[in-house]
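Working notes, beginning with the structure itself.
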Amino acid sequence: MKAEEVYVGILRMEGTNCEQEMYESFKRVGASPEMVHIKQLEGRAPSEERRTLEDYHIIMIPGGFSAGDYIRAGAIFAARMKASLGKDLKRFVEDGRLIGGVCNGFQILVELGLLPGIGETITERPQAALITNDSGVFECRPTLVKHTAGPKSAFTHLIPQDKVLQIPVAHAEGKFVVESDSILDEMLQNEQIAFRYVNRDGDYAGYPWNPNGSILNIAGITNPTGNVFGMMPHPERVFFRYNHATWPREGLPQEEGDGAAIFLSAVEYIRKKF
């Protein structure tokens, strides 16, 4: 399969943002992305604009404030997806296709029960949550994250183990917590923790290196099979080196930034699988 034959649906609804940056990131690695509103997947659009999940190899949920983040961040979008697309989403994941979410998208995948996905493809109720930052404020700045995922991680398999990346965050509710110690134990056993916040020496540290207080400094996770992925930092915002806070000192404005490897990994995974 050629890269241009990898079809990516950038899912959106009222309140999402960063979908254009995500679209451009997949376009830059050679894939064929398309913006798709949830109404198009629900069949509530003119016939020529309707889509199904099977039209895509990858579904990405961008950041933002879907439905105004009323109730909880991502809760309304997740409930809507589960009610109208639940069975299709389950089949999509079990077929080995990819679903990813960034920031609000990560919150939505957790609310849906697709992440961490312990025991079932989609759990009946959330096993984790992304709650208010310990700082009590909206954190919008660069962070450093270490790649810690196992080899099954479709979105990060091209990133060397323990490599530290500079990827920015922009969230008020990014503190990752789990329902129970047993859930966390299974996540560790399954190598589901994809990224962890670190300091400039690559060591796990508290605030401000960990911008939200997440347990174990968790910045991103996968499901047990590695084909569902969510992270709070925004890789689409550092596709190029000149988007890094440190680029003037590095003098490498035209080179790929640290976020590019995530999009490359996803497309390469699909190319080999399909």
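If packing is taken as the mean number of other Cβ atoms within 10 Å per residue, what is the order of 73-81, 165-173, 183-191, 108-116, highest first?
108-116, 73-81, 165-173, 183-191
Using C-alpha positions alone, give me the convex hull volume of the chain per residue in cubic angstrom.
Hull volume over Cα atoms, normalised by residue count, gives 120 Å³.
Using a ≥ b ≥ c from the Cα gyration tensor of the range 72-166 (square roots of the eigenvalues), is it rounded, prolate or oblate, where a/c under 1.5 gives rounded and otherwise the larger of a/b and b/c decides, a/b for prolate?
oblate
Of S182, S66, how do they rank once you tally other Cβ atoms within 10 Å and put the fewest first?
Ordered by Cβ neighbours within 10 Å, fewest first: S182, S66.
Report the full-extension gain for the segment E5 to R125: residue separation times 0.36 nm, less the Cα-Cα distance, to one decimal in nm.
Stretched fully, the E5-R125 segment lengthens by 39.7 nm.
How would the range 201-274 be classified by its alpha-carbon gyration tensor: rounded, prolate or oblate, with rounded meaning a/c under 1.5 and the a/b versus b/c comparison settling the rest?
oblate
Please report, to one decimal in angstroms, the Kirkwood hydrodynamic radius of the range 126-269 built from all distinct Cα-Cα pairs.
15.3
Quick one: if the Förster radius is 25 Å, what FRET efficiency do E250 and Y207 give, using the C-beta to C-beta distance and rounding to 0.05?
Once rounded, the FRET efficiency stands at 0.45.
Work out, step by step, the length gained on full extension between T132 and I215: first 0.36 nm times the residue separation, then minus their alpha carbon distance; give nm to one decimal.
Additional length available on full extension: 28.6 nm.
At 0.36 nm per residue, and after removing the present C-alpha to C-alpha distance, how many nm does the segment from R91 to A79 gain when stretched out fully?
2.6 nm
Estimate the FRET efficiency between E48 and Y242 by the formula 1/(1 + (r/R0)^6), using the beta-carbon distance for r and 35 Å for R0, to the nearest 0.05.
Efficiency at R0 = 35 Å is approximately 0.35.
Taking the Cβ of each residue in S153, S47 as the centre, tally the other Cβ atoms inside 10 Å and list the residues starting with the fewest.
Placing the least packed residue first, the sequence is S47, S153.
Principal axes first, then extents: for the Cα atoms of the range 1-148, list largest minus smallest coordinate on each axis, whole Å, largest first.
Largest first, the range 1-148 extends 46, 34, 31 Å along its Cα principal axes.
List C18, C103, C140 from most exposed to least, where exposure is judged by having the fewest other Cβ atoms within 10 Å.
Result, fewest neighbours first: C140, C18, C103.
Give the peptides 121-132, 209-220 in descending order of average Cβ contacts within 10 Å, highest first.
209-220, 121-132
All of the numbers you see were taken from the coordinates with simple rules; none came from a lab. The structure presented is a predicted model; accordingly, all values stated were derived computationally and were not measured. With ideal geometry, Cβ positions are generated from the backbone for all residues, glycine too; neighbour counts draw on all protein chains shown.
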